[in-house]
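Below: one structure, written as structure tokens.
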Amino acid sequence: MTHPISRRLSIGLATAALPLFGILRARGDAPEFEMKMGNDNPMSHPNTVRQLEAVDRILRETNGRVKISLFPNNQLGGDTDMLSQLRSGALEFMTLSGLILSTYTPLSSIYGIGYAWPGYKQVWAAMDGALGAMIRASIDKAGLYAFEKIWDNGFRQITSSTHPIVTPGDLRDFKIRVPVSPLWTSMFQALGAAPASINFSEVYSALQTKIVEGQENPLVNIETAKLYEVQKYVSMTHHMWDGFVMLGNGRNWRGLPPDVRATIATNLNASAEDQRADYANSDNTFHTQLQSQGMVFNDPDPELFRQVLVKSGFYDKWKAKYGADAWAVLETYTGKIGS
């Protein structure tokens, strides 16, 4: 029996085979609006699959007026490169982790605090509620447009080429790749590791050449980026949840007619909901696939790692950075953090 997520990915890949990664159809008139969207995900990733579906619907529903060409898998450069293009207006849309975006809008990383979330029920209540609204407002003030629905980037696990991570002591001086984000770097430093900030586009080569021993990502990213080829162990640490924010250049977005904005927003938000469903229970599927590809799994006790973060002052440091009011909004959904 084909697993639902595998079936959806297969459908999306058929679409993805079309030229220029957009849905380019022969029409009598040229599009009135032509725009670009970028991501850092491979063709088989649920992000890419669902974004392709969205731009297809947008083209159809606007009768060819709006064509958005999708460039996945870092074709337009790594995350920081694309963010620079987005800010300048050279790129109209991209998906980006709020933790990476925090180099520009600091509050956008607040949801990524280590060991904060009990599960997805609390995550989606927060991101579709007051916490998400607070983050989007901070992004909008910085000149970007954040769409209402955040895309899932999963609970993150640690992989290694040298040894499994069973206790915090196994992270001592462990060379681990982290995304370009102050929060990620701070957390792994607090856990005793030696984090190196590297864009996702360079992760495979950094692991292959032993610049770093390990990295951390949700299982879907480990599988679709083929990191099993250069990693041996998967430690199911569930150390943080991450999401992809669908971003637009604020100036370009405000310049579009209201009906065009409405069609784009409706379809991108709908595809975000579809992508969330793709992720639901997908860890079981990718756990099996990665095991079949030779990866060895273990399940550390999260409380051991949480207590290290408490003792190191990690939570106190980041509560002060975000401010007591923002931290209180976060704890409305997570419960008390760090206790």
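Hey, among 80, 105, 95, which residue is surrounded by fewer than 18 Cβ atoms within 10 Å (Cβ to Cβ) and polar (S, T, N, Q)?
None of the others qualify; the one that does is 80.
Condition check ((1) part of a helix (DSSP H, G or I); (2) among the charged types (D, E, K, R)) across all residues:
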| position | (1), (2) |
| --- | --- |
| 204 | yes, no |
| 207 | yes, no |
| 211 | no, no |
| 223 | yes, yes |
| 238 | no, no |
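Looking at residue 45 and the list (1) without any contact (Cβ under 8 Å) to a residue 24 or more places away in the chain; (2) buried (at least 22 other Cβ atoms within 10 Å of the Cβ), which single condition is not satisfied?
With respect to (1) without any contact (Cβ under 8 Å) to a residue 24 or more places away in the chain; (2) buried (at least 22 other Cβ atoms within 10 Å of the Cβ), residue 45 is out only on (1).
Surrounded by fewer than 18 Cβ atoms within 10 Å (Cβ to Cβ) and in contact with a Pro (Cβ under 8 Å, 6 or more places away or on another chain): does that describe residue 220?
no
Every residue in the stretch 183-195 that is surrounded by 16 or more Cβ atoms within 10 Å (Cβ to Cβ) and either among the small types (Gly, Ala, Ser) or touching a helix residue (DSSP H, G or I) at 6+ places or on another chain (Cβ under 8 Å) (or both), please.
Passing the criteria: 183, 184, 186, 187, 188, 190, 191, 193, 195.
Looking at the stretch 123-144, is at least one residue surrounded by fewer than 19 Cβ atoms within 10 Å (Cβ to Cβ), out of contact with any Ser or Thr (no Cβ under 6 Å at 6 or more places or on another chain) and aromatic (Phe, Trp, Tyr)?
yes
With the condition kept exactly as written, say whether any residue in the stretch 270-285 is of a type in the set (D, E, K, R) and either free of Cβ contacts under 8 Å to residues at least 60 places away in the same chain or touching a Gly at 6+ places or on another chain (Cβ under 6 Å) (or both).
no
Out of 277, 272, 328, 262, report the one residue that is modelled with pLDDT of 95 or more, in a helix (DSSP H, G or I), closer than 30 Å to residue 106 by Cα and outside the structural domain of residue 92 (by TED's automatic domain parsing).
Answer to the selection: 328.
The values are calculated or read from the model by the stated rules, or taken from the named source; none is laboratory data. None of the values given here were measured: they were computed from a predicted structure. In this analysis, Cβ positions are derived from the backbone assuming ideal geometry, glycine residues included, and neighbour counts consider all displayed protein chains.
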